[in-house]
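Before any comments, here is the structure.
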Amino acid sequence: MKSISFDTTNAICGALFVATGAFFAIQSLGLDLGTAVRMGPGYFPLVLAAVLVLLGAIIFIQALRVEGEPIDPFAWRGMLFILPAPVFFGLTVRGLGFAPSLFLTAFIACFASQKMNVFFAIVLSLLLTIFSVGVFSYGLGLPFERFGPWVRF
């Protein structure tokens, strides 16, 4: 008899998707669903939850068909640089303004990778900042300060 082998990572991921989708589907049933023509506030969350359950089931079934690689150790470096970056942006965007806050946020997040060096982090952060200011400030005309009161020129 053949032993059961499965991909642990995908099995856990699929189970989490199914559980999360089921939770939100149950929660959306408390809202008015309406009909497909006249949707209520619970219709769209129920449809998204059903899609999430379906995708989770597909991932879980696929995990039972193949043997996966062992789960790697936890990536502490990524957690220490990626999680504080948006918090830093939120705390400094009003004082520094959009451009300096975005540059520093991207610069902090760059070091989640062990392959990143300071030169490429500066170049990447600068390009991201120029692109974002161009799109959001000039292209879309969003009303935010490019440079805040802490860095007036």
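Leu29 accessible area, nearest 10 Å², 1.4 Å probe?
In the full protein context, Leu29 sits at about 110 Å².
On the accessible surface of the chain, probed at 1.4 Å, how many percent belong to carbon and sulfur atoms?
74
Using a 1.4 angstrom probe on the protein heavy atoms only, line up Tyr43, Tyr138 by accessible area, largest first.
Heavy-atom accessible area, descending, gives Tyr138, Tyr43.
Could you provide, to the nearest whole Å², the per residue accessible area of the range 1-126 with probe 1.4 Å?
Accessible surface, normalised per residue, equals 71 Å².
With every protein chain left in place, what is the accessible area of Met79 in Å² (1.4 Å probe, nearest 10)?
80
Can you compute the helix-only [θ] at 222 nm over the chain? Use -39500 (n - 2.57) per DSSP H run of at least 4 residues, normalise by all residues, nearest 500 deg cm²/dmol.
Helices in the chain give a 222 nm mean residue ellipticity of -20000 deg cm²/dmol.
Just the accessible area for Thr105, please: 1.4 Å probe, Å², rounded to the nearest 10?
20
Rounded to whole Hz and in sequence order, give me ³J(HN,Hα) for the range 25-40 from the Karplus expression 6.51 cos²θ - 1.76 cosθ + 1.60, θ = phi - 60°, writing x for Gly and Pro.
Those phi angles translate into 5, 5, 5, 6, 5, x, 9, 6, 7, x, 10, 5, 7, 10, 6, x Hz.
Express in nm, to one decimal, how much length is gained between Met39 and Gln27 on full extension, taking 0.36 nm for each residue of separation and deducting their alpha carbon distance.
Between Met39 and Gln27, full extension yields 2.7 nm more.
Label the chain by shape, choosing from rounded, prolate and oblate, from the square roots a ≥ b ≥ c of the eigenvalues of the Cα gyration tensor; if a/c is under 1.5 it is rounded, and otherwise prolate applies when a/b is larger than b/c, oblate when it is not.
It comes out oblate by the Cα gyration axes.
Less than 12 Å from a label point 7 Å out along the Cα-to-Cβ axis of Arg146: which backbone N atoms in the range 89-133 qualify, by residue?
Flagged as within label range: 98-100, 130-133.
Rounded to whole Hz and in sequence order, give me ³J(HN,Hα) for the range 120-133 from the Karplus expression 6.51 cos²θ - 1.76 cosθ + 1.60, θ = phi - 60°, writing x for Gly and Pro.
Here the 3J(HN,Hα) series is 5, 5, 5, 4, 4, 5, 5, 5, 4, 5, 4, 4, 5, 5 Hz.
Mind checking which of Arg77, Arg38, Arg94 has the largest fluctuation in a GNM of the chain, springs on alpha carbons under 10 Å?
Arg38
The values are calculated or read from the model by the stated rules, or taken from the named source; none is laboratory data. None of these values were measured; they are calculated from a predicted model. Virtual Cβ from ideal backbone geometry, glycine too; neighbours counted across all protein chains shown. These accessible areas exclude ligands, DNA and RNA; they are computed on the full protein's heavy atoms, side chains included. Shrake-Rupley method; radii C 1.70, N 1.55, O 1.52, S 1.80 Å.
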